[in-house]
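Below: one structure in structure tokens.
The values are calculated or read from the model by the stated rules, or taken from the named source; none is laboratory data. If you're wondering where the values come from, they're calculated on a predicted model, not measured in any experiment. Neighbour counts run over all protein chains shown; Cβ positions are idealised from the backbone, glycine included. Ligands, DNA and RNA are excluded from the accessible area calculation, which covers all protein heavy atoms including side chains. Shrake-Rupley method; radii C 1.70, N 1.55, O 1.52, S 1.80 Å.
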Amino acid sequence: MKKIRIGLIGTGGICRGAHIPGYLKCDDCEITAICDIDHEKLKSVGDYLNLPEDARFTDYKELLASHKADAVDICTSNDVHVKIALAALDAGYPVSVEKPIGMNFEESLALEKKSRETDLPVFVCFSWRYREHPRYMKYLIDQGELGELYHIYINCVKDSGLWKGRRLEWRFQEERAGTGVLCDLGSHMFDMIRFFGEEFENVYCDRGIIVKRRQKLDSDEWADVTTDDWANVVCRLKSGIGADVRISRTVSTEKDTIEFYVIGSKGALRFIYENGKQRLLRCTGEDISTNSFKEVVIPDEFKTGGQIQSRSFIDLLRGHPDAYAAAISEGIYSQVAVDAAKLSSETGRAVKISELIKN
């Protein structure tokens, strides 16, 4: 079987920590080209992958023109996701893109349109839908394990905004990121609400900045942080139920904690991720009378072995897509929820999704 050649555009932390390890676990693909404007990152990743100099690019247009890849994976700052993806589709490349797919909903719609026009897929990296516990959680919900859904509560909190000496990288600049945790983490959490079968009616959001100034990357000068460190979002879903999403990168007592708590007429499921350890708990049947949650054993058919996001992209390219994979449509609906939440925080009112999606 001929291996699918992957070109990586952007070789920062998410690429090195998630994308590259995933591709290296796939024996039917290979990373054949990389691009980054940072020469040190380009050299480091290029040397790690043992790529020749002519497969290392500082301009994504040169990578696209080189024909050294069959598909591209975009892991850049948010402000150039769509720009690069549009160019890749025009050049004939299927695309995998980090979330959020664009700086705003309008940008994202342009990418969806281009995907339709070129008949090329855009795969969106909503990583939580590729983990075995949330996948089995979705399966149980779809099978009616919880009955009629009543509530969805989501916590996504970490200390990454409090790391000592962390400088004013692009995530802290509105002009390059769009928003802070609202899009960086919130886009994932909004996707999980849809993953569990719900759709947004309106959202109300409050958000703010805790660490207000940081030192610039390239000098001793300090400058203002312009993206949110925390966001609280109250969602009204089309089914009539509510969802609460609490997000922060400035929690001094939590390194990395995520919880999906879904409650229905027949009980509840609770997924808990704490510093790499994951559990799925269930309270149904006779356990409801004692409010007892018991840990769920994940069936073998749902066990992913980790790092399956890259595997899912390759399967899509080979024509047998993963049923839970995130296509461009998932990116669109997460993006519009982010935009509505941003507008809500700016206007102090609940914002209907229909205000942004025009028929």
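Report the rotationally averaged projected area of the range 215-270 based on its alpha-carbon convex hull, in square nanometres. All intermediate terms of the calculation are to be shown ahead of the outcome.
Numbers: hull surface 26.2 nm².
Taking the Cα atoms of the range 215-270, their convex hull projects to 6.6 nm² on average.
In the range 81-156, what percent of the accessible surface is made up of carbon and sulfur (1.4 Å probe, ligands and nucleic acids excluded)?
44
With θ set to phi - 60° and the Karplus curve 6.51 cos²θ - 1.76 cosθ + 1.60, what are the ³J(HN,Hα) couplings of the range 138-144 in order, to the nearest whole Hz, using x for Gly and Pro?
Result, ordered by residue: 4, 4, 5, 5, 5, 7, x Hz.
At 222 nm, what helix-only mean residue ellipticity would the chain give, in deg cm²/dmol to the nearest 500, using -39500 (n - 2.57) for each DSSP H run of four or more?
Numbers: 11 runs with 106 residues, N = 359.
Roughly -8500 deg cm²/dmol at 222 nm, from the helical runs in the chain.
Under 19 Å between alpha carbons, and skipping anything fewer than 8 positions from Lys83 in its own chain: which lysines qualify?
Lys61, Lys99, Lys113, Lys114
How do the peptides 283-295, 99-111, 340-352, 117-129 rank, highest first, by the average count of neighbouring beta carbon atoms within 10 Å per residue?
Output ranking for 283-295, 99-111, 340-352, 117-129: 99-111, 117-129, 340-352, 283-295.
A further question follows. Rounded, prolate or oblate: which fits the range 206-359, taking a ≥ b ≥ c as square roots of the Cα gyration tensor eigenvalues, rounded meaning a/c under 1.5, else prolate when a/b beats b/c?
rounded
What's the center-to-center distance, using Cα atoms, between the range 40-112 and the range 117-138 in Å?
19
Among 68-76, 315-323, 253-261, how do they line up from the highest to the lowest mean number of other beta-carbon atoms within 10 Å?
68-76, 253-261, 315-323
Within the range 223-257, name every residue whose backbone N is under 14 Å away from a label modeled 7 Å from Cα of Ile357 along the Cβ vector.
Within reach of a label on Ile357: 236-240.
Next up: Given R₀ = 30 Å, FRET efficiency for Asp27-Glu169 by Cβ-Cβ distance, to 0.05?
FRET efficiency, Asp27 to Glu169: 0.30.
Still on this model: Tell me, what HN-Hα J-couplings in whole Hz come from the Karplus equation 6.51 cos²θ - 1.76 cosθ + 1.60 at θ = phi - 60° for each residue of the range 21-29, using x for Gly and Pro?
Result, rounded to whole Hz: x, x, 5, 5, 7, 9, 7, 10, 9.
Calculated FRET efficiency, Ile210 and Lys2, Cβ-Cβ r, R0 51 Å, to nearest 0.05?
Numbers: r = 50 Å, r/R0 = 0.99.
The formula returns an efficiency of 0.50 here.
Which net charge results for the neighbourhood of Cys125, defined as the other residues with beta-carbon distances under 11 angstrom from its beta-carbon, given Lys and Arg at +1 and Asp and Glu at -1?
That sum, taken over residues with Cβ under 11 Å, equals -2.
Further, regarding this structure: Using 0.36 nm per residue, how much length does the chain from Ala223 to Gln278 gain when fully extended, once their Cα-Cα distance is taken away?
Length difference between fully extended and current span is 16.0 nm.
Could I ask something else about it? Ordering Arg246, Arg279 from largest to smallest accessible area (1.4 angstrom probe), what's the sequence?
Sorted by accessible area, descending: Arg246, Arg279.
Moving to a separate point now. Go ahead and run the numbers for FRET between Arg16 and Tyr139, Cβ-Cβ distance against an R0 of 35 Å, rounding to 0.05.
For R0 = 35 Å, the calculated efficiency reads 0.65.
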